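Structure, as structure tokens:
The values are calculated or read from the model by the stated rules, or taken from the named source; none is laboratory data. All figures in this text were calculated on a predicted structure; none of them were measured in a lab. Cβ placement follows ideal geometry from the backbone for every residue including glycine, while neighbour counts extend to all protein chains displayed. Accessible surface areas use protein heavy atoms only, side chains included; no ligands, DNA or RNA. Shrake-Rupley method; radii C 1.70, N 1.55, O 1.52, S 1.80 Å.
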Amino acid sequence: MATVTLTEGRDTAALRRGARGSRRPRLVVLTFIGPALLGLIVFLGYPLVAAVYFSFTRFTLINPPEWVGLDNWRHLAQDPLVGVAAKNTLWLTAVMVPARIIGALLTAMLLNAMKRSRSAYRTLFYLPALAPPVTATIAFVLLLKPQTGPVDTMLRWLGIDGPLWFNDPAWAKPALVLLSLWAIGDLMIIFVAALLDVPVDLYEAASLDGANAWQKFRFVTLPTIQPVLVFATITGIIGCAQYFTQAAVAASVASNQVTGGGGVSGTFGYPQNSMLTYPMWLYTEGFRYNLFGYANVLALLLFVVSMSITVILIRRFKAFTGSDR
């Protein structure tokens, strides 16, 4: 009997030591990820919960929040400009993201195929991405200035009448796409690294099988760099969903009514709301009309849409497993 009791005591002590031993790695891991978790809670979790609460209130930053229930959400269906802003943002996303990815990928492939001065050309293509967004946008709008800008001047030499660019509702968004293509250096560098990581053996095996250049690209290059393509797509969509600075600056410069540091510009969306993006309208509702409750509704909707698209893309392509099923 005493022997059984002693054995049970030893087993219990061993289990306790094992439990303490298993908890130790968890504590070590928690110590390392603790600061990141704290940052997520403070800078993401709390603002998200606060935004949900304020979306049900009338909040002006001056008076205490007043509970109004679903009034802000009902106003979303009655807002005449939220649909315009959403359509402009969707247009920019549908055109700008593929254009940037295709342009950056083609540029990276061209640079990798070069035999001489490769580093110099990489630097040359990357330099526009280093320019501050405000400065780059102002310079680009001046380059495309109707009639007197350098681009329209060169087009006239060729016998072509240039469009009004940022002053024409039909050309304003395409001009923003051109601006984004001018600064594809950041994405190009990522594709350059991804292409250099493709095993040469795969190309050699494809050549032995009689594959041409397109087949090598389709069946070797694209599957290998698929995670990078998914990353570029997701970050591009998120960036377009938050597209603000370039559209706001371009509208101000093109309208010749640049505002500086005095709150919300009255030129947002110029011309004729063609460059009014969803974040610009969110900002306008909050900081021009002091409708912070409704602005939180717009922000939550933007968050849900961006998160949903991100989850769908990751589940569809399974970028981190290399499978598209």
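Taking amide H as placed 1.01 Å from N in the peptide plane, the amide H of Arg58 sits under 5 Å from that of Glu66, Trp67, Val68, each at least 5 places away or on another chain. Stretching the chain fully between Arg316 and Phe43 yields a gain of 95.4 nm (0.36 nm per residue, less the alpha carbon separation).
For the chain, set up a GNM with springs between Cα atoms under 10 Å and report which of Ala36, Ala85, Ala251 has the largest fluctuation. Result: Ala36 has the largest fluctuation of those listed.
Suppose every Lys and Arg Cβ carries +1 and every Asp and Glu Cβ carries -1, with no other charges. What dipole size does the chain come out with about its Cα centre, to the nearest 20 debye? Provide the component values of the computation, followed by the final result.
On the way: 25 positive and 15 negative charges, 191 e Å.
Dipole about the Cα centre, nearest 20: 920 debye.
Its DSSP H runs of at least 4 residues, each contributing -39,500 (n - 2.57), put the calculated 222 nm mean residue ellipticity of the chain at -22500 deg cm²/dmol, to the nearest 500. Across the stretch 217-233, coupling constants 3J(HN,Hα) worked out from phi with the 6.51/-1.76/1.60 Karplus curve, θ = phi - 60°, read 5, 6, 9, 10, 5, 4, x, 6, 9, 4, x, 5, 5, 5, 4, 5, 5 Hz, and Gly and Pro carry x.
Quick one: if the Förster radius is 22 Å, what FRET efficiency do Lys87 and Leu155 give, using the C-beta to C-beta distance and rounding to 0.05? Kindly include the intermediate steps, with their values, before the conclusion.
Values: r = 29 Å, r/R0 = 1.33.
Efficiency for this residue pair is about 0.15.
Stretching the chain fully between Val134 and Ser117 yields a gain of 3.0 nm (0.36 nm per residue, less the alpha carbon separation). Placing +1 on the Cβ of every Lys and Arg and -1 on the Cβ of every Asp and Glu, with nothing else charged, gives the stretch 17-71 a dipole about its Cα centre of roughly 780 debye.
A Stokes-Einstein calculation at 25 °C with viscosity 0.890 mPa s, built on the Kirkwood radius of the stretch 134-182 over Cα pairs, returns a diffusion coefficient of 225 µm²/s.
Couplings 3J(HN,Hα) for the stretch 163-180, derived from phi with the Karplus relation 6.51 cos²θ - 1.76 cosθ + 1.60 (θ = phi - 60°), are x, 7, 6, 5, 9, 10, x, 6, 10, 5, 5, x, 5, 5, 5, 4, 4, 5 Hz, where x marks Gly and Pro.
Would you work out the charge dipole size for the stretch 54-170 about its Cα centre, treating the Cβ of every Lys and Arg as +1 and the Cβ of every Asp and Glu as -1, and quote it to the nearest 20 debye? Let's see the in-between values first.
Numbers: 10 positive and 6 negative charges, 152 e Å.
For the stretch 54-170, the charge dipole is close to 740 debye.
Ordered from largest to smallest accessible area (heavy atoms of protein chains, 1.4 Å probe), the residues Leu111, Leu106 come out as Leu106, Leu111.
In sequence order, the stretch 185-201 has phi-based couplings of x, 5, 6, 4, 5, 5, 5, 4, 5, 5, 5, 5, 8, 6, x, 5, 4 Hz under the Karplus curve 6.51 cos²θ - 1.76 cosθ + 1.60, θ = phi - 60°, and Gly or Pro positions carry x. Taking Phe166, Phe244, Phe43 as the candidate residues, the one with maximal mean-square fluctuation in a Gaussian network model of the chain, Cα springs under 10 Å, is Phe43. Normalised by the number of residues in the chain, the mean separation of alpha-carbon contacts (under 8 Å, six or more apart) gives a relative contact order of 25 percent.
Round to the nearest 0.05 the FRET efficiency obtained for Ala77 and Ile238 when R0 = 35 Å and r is the Cβ-Cβ distance. Intermediate values should be presented prior to the final figure.
Details: r = 26 Å, r/R0 = 0.73.
Once the sixth-power term is evaluated, E becomes 0.85.
Please list, by residue number, everything in the stretch 94-138 whose backbone N is under 18 Å from a paramagnetic label point 7 Å out along Cα→Cβ of Phe217. Those under the cut-off are 98-115. The chymotrypsin sites (Phe, Trp or Tyr not before Pro) of the stretch 74-153 include none that meets both criteria, a DSSP state outside H, G, I, E and B (loop) and at most 10 other C-beta atoms within 10 angstrom of the site's C-beta.
Result for the chain in a Gaussian network model with C-alpha springs under 10 Å: among Gln215, Gln272, Gln147, the largest mean-square fluctuation is at Gln215. Cα-Cα pairs above 33 Å in the chain: how many percent? Tail fraction, whole percent: 47.
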